[in-house]
Structures are given as C-alpha cells and as structure tokens.
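What follows is a single structure, written as structure tokens, with notes after it.
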Amino acid sequence: MTVPALRHERTFVERLYLPEIVKGLYITLRHALKNLFEQDLPTIEYPDVRKPMPERYKGAHRLTTRPDGKVKCVACMCCAQVCPAKCITIQAGEDPNDPIEKYPVEFQIDMLRCIYCGYCVEACPKDAIRMDTGIYEINAFTRQDMVHNKAYMTDLMDGHKPLAETFYRQQAGSAPKGYDTDEQRVLPVDGSRGL
Amino acid sequence: MPIVKINGVEIEVPAGTNMIDAAAKAGFDIPHYCYHPHLSIAGNCRMCTCEIEAGGRGLEIACNMQARDGLAIRTDSPQVKAVRRNVMEFLLKNHPLDCPICDQSGECRLQDYYMEHGQYESRLADPKVGKHKRMDIGDHLVLDAERCIACSRCVRFGDEVTGTGELRLFNRTDHTEIGIFPGERISHAYQGNLADICPVGAITSKDFRFEKRVWYLDETDSVCTGCATGCNIRVCHQQGQVFRYMPRRNDAVNKSWMCDHGRLGWQDIASLRRVLRARIDGKQAELSEGIRAAAAALRGVDASSVAFVLGTRATNEANWALWKVARANLPQAGVYWCQGNDPGAWSQVDDLLMDADKNPNRAGARALADHDAAIGDGTDLAHAVREGKVRMLVVLHDDVLGRLEDAAEGVAVLHLGSQRNTTADKARIVLPATHPTEQDGTFTNRAGRVQRIRRALPAAGDALPDWQLVELLGAALGKGPGARDAATAFKLLAGEVKAFAGMTYKDLGGGGLPLRQPEPLPSPPPAQPAAP
Amino acid sequence: MDIPWVELIVALLKCVFSLAFVMQVVPILIWAERKVSAYIQDRTGPNRAHIGGIRAAGLVHTLVDVVKLIVKEDIIPSHVEKRYWFAAPVVAMSVALTTFTVVPWGDALTLPASVTALWGGEGPLSVPLQVAQINGGMLFILAIGSLGVYGVMLAGWASNNKFSLLGGLRASAQMVSYELAMGLAVVTMFMLYGTARLDEIAAQQAGPIWNWGVFGVLDNPGLDPLVLVGWIVGGLAFLLFWTSVFAETNRMPFDLPEGEAELVAGYHIEYSSLRFALFFMAEYAHMVVGSAVTATLFFGGYNIPFLDGQAIRENTDIILAVLGFGGVPASIVFAVIAWRRRNRPFYKALPADDIRHREPRFWLAVWSLSALAALGLGVVGLSGLVGGTALGPELVAFALQTGSLFLKVLFGTFFMIWIRWTIPRFRYDQLMDLGWRTMLPVAIGTVMLAGVWVIVREAVQAA
C-alpha cells in the first residue's frame, strides 16, 4: 500500500524565497544576540564545571570491602557469567585463614569491552561490585591500562563518596543555570528554550 | 515382566526394577538424593516420595519400591508436590546457602530441586546449626559438613564399593553430620567418586577446587586411557583446556566409578612431556618435512628389515592404518604388536577397576593380530631385533625400545606419538600425534569392548590424529589406506576385520560394543563390586 | 635615470597596508565564524585555549590553529599532479589578495608641504588611498575574481581524486552560472555611476546616505515617488551582486564544491597543513574582498553617511571630542560588565589557584585603560590642537574613512557567516535553476530598468 506523501504547497511569498530567508535570519540572529547578551547557555563548561550525576548513574565499577578490608567478592563468577560483553575475568583462589574460603586472586574488567549495562551489579549475590562511583572519565594511554584490576577497583573510592551518598552534593552550589542545584538534572523537556 | 503404571503411563519393566528407574524409562523424573543406582537403598532423603494409586496405598518412597504387576504410582499429585516442598525445606533448613563459594553450584541437586520443587518462603527464625567446615578428609577431598544433607551416599560407597568404611554419620537429628573417625583419612584410590556422588557440595574435590564454575565447562564423552579397563569418562573442558575428568555411567565397564589416577589423566595433555613438533635427528622440523623424511628413510632401507609396531596406546583406526600402510607399501616388512607396559607406567592394580595392563588398546591390537596371522607379537619382535633382522622400527605411541630393554643399538626408529618416552628420545624421526582428548577414534578395552573417544580439544602444536599421521605417512610412501576421517577409517576397518564387522561410530554410541569374536584374554574380567 | 623613490615607497606602503587590511580580518573572521555559529546554535564556541589565563572569548584558538597548521605534517599524496597541485593554493590565495588592490579605502590623503619637505618634495603631495587606480577597476575585479576559480579547479584536477575533481567541476560550473548575473549587476551600476573607476564610484556616494549605490545613486532626491524606481534598481542590483558574491566565494548556501555529505571535502580533500590553510584563508580573503567591493559599489565605500571627507577635515576637533567623550562611558560600561563576570558560576567552579581567575581583572584593566585613552582623545579634541595642524585632519579623515570601510566589511562578512548558519545548502539542480532561470532574467530586467532610471533620474534631479 502506498501512502501519498503530504506535500506542502508553497505560497507565492514562500516561493519568492527571500522573505523566508529573512525569517530564518531573524531566528538565528535572535538566538545569537540572546546568547551573546544573556550568556545563559545550557552548555556545562566541563572539565571546570561538572554535571551532577543522577544517583543511579552507572560509572566505573568498584569492589566493595568488608569491615576487615578484604573484598566482599567471593569469586562466584555470577558477574562474569551474566556479562554480555564478557569483559570480566576472575581468577579464584582459596584463603586458608578466612571462614569465607574463596576469594578473587585477581579481578579484572576490560573497560574497553564493558558496555555499562550493570548486569554484574545486579547479578552479584554479595553486593561486592557496584557502579555507583559516578566516575565516567575512564581513559588510559594503553589498552592494558584500560583493564581495571582488583587493587584499582578496591581503592577507587579512596577519599570520595559514592554517588548514592551524594558524591556531587559538594559541587551542587556551583551548578550552572539550567540545572537544579539539588543534584537532579532539570532541563526544560519541551525543547522550548529560546524558541 | 510386570507392567507398572506411572502417572497413567503403562510400562513393562523387569521384575524388581527400582521405581525411580522405571519412571525414568517412562519419561518421568523422580527427584532423589540418597538413591544411587550402584549403591544400596537407604531411603533417608524422602525426596522420591510418590503417591500409590493402585497396589498399595498412601505415600511411599519410590527408591524402595520395586516394580510388580498392578503397581500404579503418581509422581505429580498435589500431595506429592507438597511433600517434596516440605522435604526441601527441611533439607535446606541448616544449609549455609554459600553457593557463591561452593564448587557444586551449577550441578547441585539442592539448587535444581529447589527451583523445581521447593520455591517456598523461608520460615526460619532461629540461627542455623553450625557444623564442621573445610575438613581435610583425604588427599583429594574436602568435606563441608554444613552443606551435607545426610543422604549417606558416601557412607555406603565406603562400605559397599571400596569396603574401607571411613565415613560415618555422627550425632542425631539436626546435629547429624558426616565425618570420619578421629585420626583417619580416606586413602583409597577412588576418592573422586565421593565428590561425584555427593548430590550437594559437602564433599568436593581438591583437584578441582575453585578452578572453574561448572557451568562454563563443555563436556565431551570419551574413554579413560589410563589402563585397559577403559572406564567411560566425560571430559570437562573450556576453551581448549581440560579441567576434570568425570566418570560416565556404563554398567558394562565401570558402573559409575573411576579411579583417582585415571581422573587426573588430563594432566598429561598439556604436560612438558608432550611431543608438539616433528623432530628429525634431534632437530625440530616442519611436520611435512618430518613425514617426507620418514618416507625417505623407509624407502632407503631394505624393506624386509623394517618392523612396524602397532600401538597398544593408539586407536584401532591408527593401528589398522599402520598395518595397511605396511602391507601396501612395504610388503616384505614385518608387522608386530608389542604387549606389556611402558617402563615407568603407573603400577597400581586392584580387582575393582585398575587393570595391570596400563595400555588402553591392547585388545584392539591383539584383534588385528588375530585377523592377520602374519602380525607377530612382542616376543617375535624381540627375536627379530636380537637377530639383527630389524634395521628400522616404526612405532606408534608405545615405548617399544623401553620394553625391549636390550634392544640392539643402531636400529633407526621412527616414532609417531604424543608423549616423550625412551623410544621418542632415541628415535631418528619423531612425528607429533594428538592426545586421545584431541582426536576421534576407538579403543578396545580389556573385555573386548570397542568404545569411542571423541575430540574435545584442538590439537596441540603440529600434532595430528594418529590415523591421519599414518595416512599421511602412507601417502608419502605411495599408498595410504584412504581414510578421510576417523569415521571412514573405522568403517574401512570394520569392513575388513571380522572382529569389528558391521560396527559404525553410530552403533558404538556412548557405551560401546563388544568385539564380534570375543578373544580369550589373559587377565580376568573385572571383579564385580559387592552387590547391593 | 631618475627613479621616483617617493612614488615607489608610497606604492609599497599602500600594498603592505592593503595586504594587512585583508589578512588581519581573516583570523577575526575565523573566530567570528566559530563564535557566531556557536551562539546561533546555543553553544559556547571556542573557550578553552588561553595565554596566561586570558582566553579572549576564544580568540586564542585562532592563534593555536595557526601553530597547529604550521606544525602539522604536510602530506603530499603520491598520486597527485605535483606542479599544479602545488600551484593551486597559491593561485587561490594570491587572486583573493590581488582583487583588493583596486578597492579605495579613503579619499586622497594630502601630505602637506611641511611633510614633503622632509624628503625635499615641492609643495603638498596628494596620495590616493588605493593601490591601483585603474580606469576599469570594476572590470579588473570581475576579471581577477573569476580567476579565483582556477585555484579550485587546479586543486580539484591535480588531486587526482574523484571527489576533488567533482568539487572542481562544480566550482567552475557554478562560477560560469553566477558570473553572468554578477556581470549584469555590475553593468547596472556602471550605468548608474557612469564610470568603472572604483575611486570615483566611492566619491560619488559621499554625503547623505541616499547617495549610496543601493539607493540608485541620486543627489538630493526630494520627495518624488519616482525615487522608488532608483531604490528598486539599486536594491535588485545589490541582491544579484551579493548573491553572486556568495556563489563566487563558495560560501553557504553555494558551497557545493566542498559539500561534505557527498564530496567529503571537495577540492581540498588531499591538502593538509599550510596548503590547506592557504585554501582556508583564501576563502575568508574572498569574503573580505567581496564585502569590500559590495560596500564600495552599494554602500558608500569608505564614506561615512552625512560626513564626507571635507566635513571631517573641517570639524576634526569636534569629531575627536565626541568620539573621546562618547568612548569614556562606553568603556566604563564594558569595564563594569567585565568585572561583573567574575561572579559567573564558571569562575566559582574553578579551583582557587586557577590561572583563569585573572581574566576579569585583565579585562577590567583593559577597559579602564581604554576609558583613559578615550578621555585623552576627548581632551585633545577639546584642546583644538589637532584641527589646527595641516597633517592632523588628514590623518583623522584617513583613520575614520578606513575604519568606516572596515566596519562595513566586518558587517558584510558577518552577514555571510550569519547566512551560512541559517540556510541549508542548495541541491545542485536548485543551484543551476536559481542561477540561470531566476537570476539571469532578473539581471537582464534590472539592466533594462536601470536604463529607464538613468533617464528618469535626470528628470528627478532637474526638478
């Protein structure tokens, strides 16, 4: 079945073209002047100003620890199993001095492969892996450095609070206009800004 | 034979058949923990409870029910389901639920049956009863009494199969736990089976401990090559690496058991003693070069001074191919098979499974020798070598030089094998063959049962399957036996040798078939374990 | 042989000045293109590069770009036709610069006898502010401007690449199509001005704003309704010419030679480093020249409306005082704005030791100095020191008139940028359609109407 496309019949003024150009010029000029004088752009001047991340933003993975400092992970491989990108490599080992016998000798996530789906967090029976760091600047100069290992992920939150504990509240006061200072992103959803 | 009715399905089974087996035959799975087809009935897990419709009344455990005429049971009535759910709740009451660190998870009956028959909400308000954990009860075993459901399978195995009886159930009610007598350790050679039969994670294997979650493992059916018994095994592997061998049930060979030596047989797959590349005069070479050099060497000597030795560790296909190559290209050459163990082979023997002959295919080589009377045995070969008639030996896997201890110096050896041994080290030309886990083929066990091995792994190094190596050697000499793959090789073999007549890989299936003309064999048939 | 040293040096100075005029606008344009496009699209545009913490609203990026383009590897593909490939960017750039030689940027600068006496001259020396006074100045522009397409064609052909070749082909076809309308628009203006000398054309437009070419070149129009005909003629000619300038400079919406969607980058696809930079600058130089020529033809050239050269020279002191005292409050307003910007969230988010905290202070200082300078200018104007000298009024007139042309050029180029970020690119058939079936007939009609107007104008002026 073919549906004939509805074509807009152009009026004489529209076909003159120049009035339409003037209309377009008016719109763009209005934007330019408004932005020039009001300086009220939605752009966030990253890296100096940072967008407050929502609480449930999935950032870099971290490994949580027990009170005694050992990782909670028991190398059950549930995360490795559920990972759709197959980016988690765990080498299990036995800790003879721990009632929880099994622990990960090495725990690696290849961040180049990771797709940040968060399944590992959901699959973990021990709440050992979380993505609540709010860290999205995951970069390195070599592929090898993009593989986060156990030590890195355990110490990732040193000196920081994870998102859920209002990681960004400290910066909230300086959030640019257009963003609620109270952590959640508030952008006009109707796209009406300036138009 | 009595006809029983299970969930309305009538089925005819031999009298006295256990109803769990009868139900399985009818296509119904009755959950069970303590029942094991090769152990006595204990009836203490109560999981197999079924409702009797006719020929009795009430609920009874299926494992202790024997098929008799007029018996009708139901395995899916609401009552049965309620019983199962309650049984699961009891069994799991003190279970630590440490599945994340338990090696059994993935193949644990508690996990499976909870999902199938449990699914209750926990009502436990009191702390769980703690028991002994991580007990070192044997060289290959770890016992976690907390995970135990007291099914007593391991106790019965010790009592009935090995007769050593180290394990017992101690204490009463919910303090019941499996344990060994103070100061004792399990030291028999069948420890691995305890980990296998344990339906939960109470007894686990030290060798496999924390190595791999079982759900990652691919499984390939094969046959143990540790000795002539030919226990059926399952090769558990992932990404080209073998993690464990598991016994595979074959009532005619190994029931459900295998010995610990065979269980660790996978360790020589990637061992340093593997032959991975062709070698000519001690120098590494391309495989094609090696084959060309071997063919040239064979043509370079007087054909009558060449001796082909069929391998008692090589597949039937390879032995047949070697025999064909010898007959087709060097008719004057002698063909022998050489009985006896390689020097340094493991020596443990008992009347349960471990055979004195440590070669998996002696019977197969013997069958070929019976087919062609011109094939001499080890004594003939020793004679010929001593008399100086043999200038060149072509050896398949076996450590022939080691067996002929006083073998004359100066005999050029062409060795086709997967493991280094005295012969391979002294050989002029060595061609790499695959390990049995890396190829298809058949072995004939001590009782004359032809059983299949299947390729589980990619070949290591340049190695080629036994039959293919021989095939290429034959082609280089002028005429190969003409097999495209192991299956056609076996088909050609079956068409030619009467003992194998009519067999195909399909017919062999998982359990194998006995040779057509069972040969009287020197060693006695395996002793039957104590009957239940 | 008697070498006219003075004339030579003066000519050389004029060349340097005209070059500088065009070249200094180019970086400003590159910056403006980025910033204007950003503001039109609700973005911030370049704002990262800084020198000592001063980002200058992104101007530093232009500087960084120059460094980048110089330092980048100059890749010469093995498959190009080397000779022409090397020549192409040079042609493009030099043609763009050559065109500017005939544009006047002020009426004659008269050096008084006291100055000429320095090198032994006799009497005052009148220096026309135009590199080349050619009788057919306008024709020169048409001729040389059309050569610009040779750069594009050479690049397209010599790159030995089908995208480049298509780009070059499109450029030449486009040039041929729009040259006609452009030529006819220029013919219209010939008829109105009665001359092709650009300095005379500019001189004719001195005085009131209705003397501008776009209003039909008419002294003292009065209230005669026939004046409208002049407006129509001038306006149409301007529209035709201005549109053709877009086409000749390959600017949006006529930048089909480098249409990214279908030609990747068109004719300059194989160029990198400084060779690419030459093409890049040539485009902006073309824009500057096109705007300058348009300003000269239609918008009074260097003339300030209602303030011809004579008026400037006679009222130098008043003009200086007005500019000076007008500049003081303007500078103060800017200073206040600059100082208030330190409260922006951006600065608050910066760490305390960030070098960019200097920025508000820097601009406060700059605008404060500017206010002081303006004050000084106003005081000088009040004192009447400049107007009394012989050279002073001449220099002021030169500065104001050049500044006037500069502003007109800036507006013209801003308009081009503005158009670029407003209108989408034409399809190729639309381009041809517009050129041949719309602009050419309109241009011919305009020429005819211009003939009528020239006659009518005499009548109107006579009245």
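Brief remarks follow.
- Gyration tensor verdict on segment B:3-90 (Cα atoms; rounded if a/c is under 1.5, prolate if a/b is larger than b/c, oblate otherwise): oblate
- Positive dipole terminus of the protein assembly as shown, leading residue within B:ALA369, C:HIS50, B:ALA475 (C-beta point charges): B:ALA369
- Accessible area per residue, Å², chain B with all protein chains present, probe 1.4 Å: 41
- Legend: Rg and Dmax of segment B:130-192, from Cα coordinates, 11.1, 32 Å.
- Kyte-Doolittle mean at least 0.0 and Cα axial length at least 27 Å: DSSP H helices in chain C: C:5-40, C:137-158, C:162-193, C:227-248, C:273-298, C:316-340, C:358-383, C:391-420, C:440-462
- Each DSSP beta bridge with both residues in segment B:3-90 is either parallel or antiparallel, and the antiparallel ones are about 85%.
- Pairs of alpha carbons in chain B whose separation is greater than 30 Å (percent): 55
- Farthest towards the positive end of the charge dipole of the protein assembly as shown, among the residues C:LEU166, B:VAL309, A:THR11, is the Cα of B:VAL309, using unit charges on the Cβ of Lys, Arg, Asp and Glu.
- B:GLU409, A:GLU45, reordered so the largest accessible area comes first (probe 1.4 Å): B:GLU409, A:GLU45
- Solvent-accessible area of B:ILE11 with every protein chain in place, 1.4 Å probe, in Å² to the nearest 10: 30
- Using Cβ point charges alone (K and R +1, D and E -1), the dipole size of chain C about the Cα centre works out to roughly 1760 debye.
- Separation of alpha-carbon centers, segment A:8-60 and segment C:17-92, rounded to whole Å: 24
- Exposure check, 1.4 Å probe, all protein chains in place: B:ARG273 carries approximately 110 Å² of accessible surface.
- Lysine pair number, Cα distance threshold 15 Å (strictly under), segment B:278-514, separation 8 or more or different chains: 4
- Of interest is the spacing of the C-alpha centroids, which for segment B:140-205 and segment B:62-110 amounts to 20 Å.
- Using a simple spin-label model with pseudo-atoms 7 Å out from Cα toward Cβ, B:LYS133 and C:CYS15 lie 9.3 nm apart.
- The radius of gyration of the Cα set in segment B:71-178, together with its Dmax, comes out at 15.8, 46 angstrom.
- Placing a label point 7 Å from the Cα of A:CYS117 along the Cα-to-Cβ line, the residues of segment A:58-78 whose backbone N sits under 17 Å from it are A:58-59, A:61, A:77-78.
- Check: the protein assembly as shown dipole with +1 on Lys, Arg Cβ and -1 on Asp, Glu Cβ, in debye: 760
- Charge dipole of segment B:3-90 (Cα centre as origin; +1 on each Lys and Arg Cβ, -1 on each Asp and Glu Cβ, all else neutral): 200 debye, rounded to the nearest 20.
- Rounded to 10°, Cα long-axis angle of helix B:78-91 versus longest principal axis of chain B: 80
- Here the spin labels are modelled as points 7 Å beyond Cα on the Cα-Cβ line, and at B:VAL349 and B:GLU219 they lie 3.4 nm apart.
- Length-normalised contact order of chain C in % [C-alpha pairs under 8 Å, at least 6 apart]: 21
- Phi angles of segment B:494-506 translate, via the Karplus equation with coefficients 6.51, -1.76, 1.60 and θ = phi - 60°, into HN-Hα couplings of 5, x, 10, 9, 4, 4, 9, 3, x, 7, 9, 4, 5 Hz per residue; Gly and Pro are given as x.
- Segment C:LEU147-C:GLU7, length gained on full extension (0.36 nm per residue, minus Cα span): 47.5 nm
- Segment C:62-98 residues near the modelled C:ASN160 label - backbone nitrogen below 16 Å, point 7 Å along Cα→Cβ: C:75-88
- With every protein chain in place and a 1.4 angstrom probe, the accessible-area ranking of C:PHE280, B:PHE500, largest first, reads C:PHE280, B:PHE500.
- Ordered from largest to smallest accessible area (heavy atoms of protein chains, 1.4 Å probe), the residues C:GLU458, B:GLU89, B:GLU53 come out as C:GLU458, B:GLU53, B:GLU89.
- Rounded if a/c under 1.5, otherwise prolate or oblate - segment C:205-357, Cα gyration tensor axes: oblate
- Accessible area buried, both sides summed, chains B and A with 1.4 Å probe, Å²: 1200
- Taking a Cβ cut-off of under 15 Å around B:LEU71, the surrounding Lys, Arg, Asp and Glu residues balance to a net charge of -2, with basic ones at +1 and acidic ones at -1.
- The distance between label points at B:GLN239 and C:ASP353 comes to 4.6 nm (points 7 Å beyond Cα on the Cα→Cβ vector).
- Share of carbon and sulfur in the accessible heavy-atom surface of segment B:3-90 [1.4 Å probe, %]: 47
- Compactness of the protein assembly as shown was expressed as the Cα radius of gyration divided by 2.2 N^0.38 Å, which yields 1.51.
- Rounded to 0.05, the FRET efficiency of the C:ARG342 and C:GLN310 pair, given R0 = 60 Å and the Cβ-Cβ distance, is 0.80.
- Near-label residues of segment B:474-502 by backbone N, under 20 Å of a point 7 Å along Cα→Cβ of B:ASP370: B:490-502
- Segment C:196-256: C-alpha gyration tensor shape, a/c 1.5 cut-off, then a/b vs b/c: oblate
- Residues B:LYS479 and B:ARG516, FRET efficiency given R0 of 30 Å [Cβ-Cβ distance, rounded to 0.05]: 0.60
- Cut-off under 5 Å, modelled amide H: who pairs with A:VAL105 long-range: A:GLN91, A:ALA92, A:GLY93
- Positive-end residue, the protein assembly as shown charge dipole about Cα centroid, Cβ charges, pick of A:PRO67, A:VAL105, B:PRO458: A:PRO67
- The C-alpha radius of gyration of segment B:278-514, expressed as a fraction of 2.2 N^0.38 Å, stands at 0.94.
- The angle between the Cα long axis of helix B:362-371 and the main principal axis of chain B comes to about 50°, on a 0 to 90 degree scale.
- Its residue count N sets the reference 2.2 N^0.38 Å, and the alpha-carbon radius of gyration of chain C equals 1.08 times that reference.
- Per-residue SASA remark: C:CYS15, around 60 Å² accessible (1.4 Å probe; ligands, DNA and RNA not included).
- The Cβ shell under 9 Å around B:LEU492 holds other residues with a net charge of 0, Lys and Arg each +1, Asp and Glu each -1.
- Neighbour net charge for C:GLY145 - beta-carbon separation under 10 angstrom, K R +1, D E -1: -2
- Under 19 Å from the Cα of B:LYS93 - lysines, other chains or at least 8 residues apart: B:LYS81, B:LYS128, B:LYS131, B:LYS133
- Estimated from the Cβ-Cβ distance and a Förster radius of 45 angstrom, the FRET efficiency linking C:ILE75 and A:GLN81 is about 0.40.
- Averaged over the residues of C:35-45, the number of partner chain Cβ atoms lying within 10 Å of the residue Cβ comes to 6.
The values are calculated or read from the model by the stated rules, or taken from the named source; none is laboratory data. Please read all numbers here as calculations on a predicted model, not as lab measurements. Cβ: placed from backbone, ideal geometry, glycine included. Neighbour counts: every protein chain shown. To get the accessible areas, we keep the full protein, side chains included, count just its heavy atoms, and leave off ligands, DNA and RNA. Shrake-Rupley method; radii C 1.70, N 1.55, O 1.52, S 1.80 Å.
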